[in-house]
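Each reported figure results from applying straightforward, stated rules to the coordinates on display, with no laboratory input. This structure is a prediction, so every number in the text was calculated from the model and none was measured. Here the Cβ positions follow ideal geometry from the backbone for every residue, glycine too, while neighbour counts run over all protein chains shown.
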Amino acid sequence: MDEKKISLVVLLDMTKVFDSIQHERLFRKLHIIGISAWTWFESYLTKRSQFVRIEDAISDPLHLNFGVPSGSILGPVLFTVYVNDLLLVLKHCNSSGYVDDTKVFLSLPPRDITDASNAFKSRPFGNIPLVLREFIFD
């Protein structure tokens, strides 16, 4: 049925979240969902470091306090555990997600599009999440 609404799709690329996952929060989520081997995951994620090599020059190692290995088999699984409740907080829209790609579907009456457009125009680019929050969560 045509409800005369305007549809919007917000695409969220959360690739960088792999590098910013807080280990303690991930460990709590693993415990909550019943993973009894979370101490194994703790040893897997802690005491990791990285360095840069350019030809024969090697940088000093940098200790990593955040993130999961994105090139590993477990990385996407741990990422999914970390963000799996994100889509549960959406109130006024539909969504779908797979690993680090999330889509939020909005359907608004034309009068709300004007309000949304004005909200986007009146705020700095960095505050777009605040605008989305107003239309998606509240």
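At-a-glance table
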| read-out | value |
| --- | --- |
| Extension gain, Ile32 back to Phe105 (0.36 nm per residue minus Cα-Cα distance, nm) | 23.4 nm |
| Shape box of the range 1-55 [Cα atoms, principal axes, largest first, Å] | 56, 43, 13 |
| Added length on full extension, which subtracts the Cα-Cα distance from 0.36 nm per residue, Leu12 to Ser70 | 19.1 nm |
| Asp60 versus Trp40: modelled label distance in nm, points set 7 Å from Cα along the beta carbon direction | 3.6 |
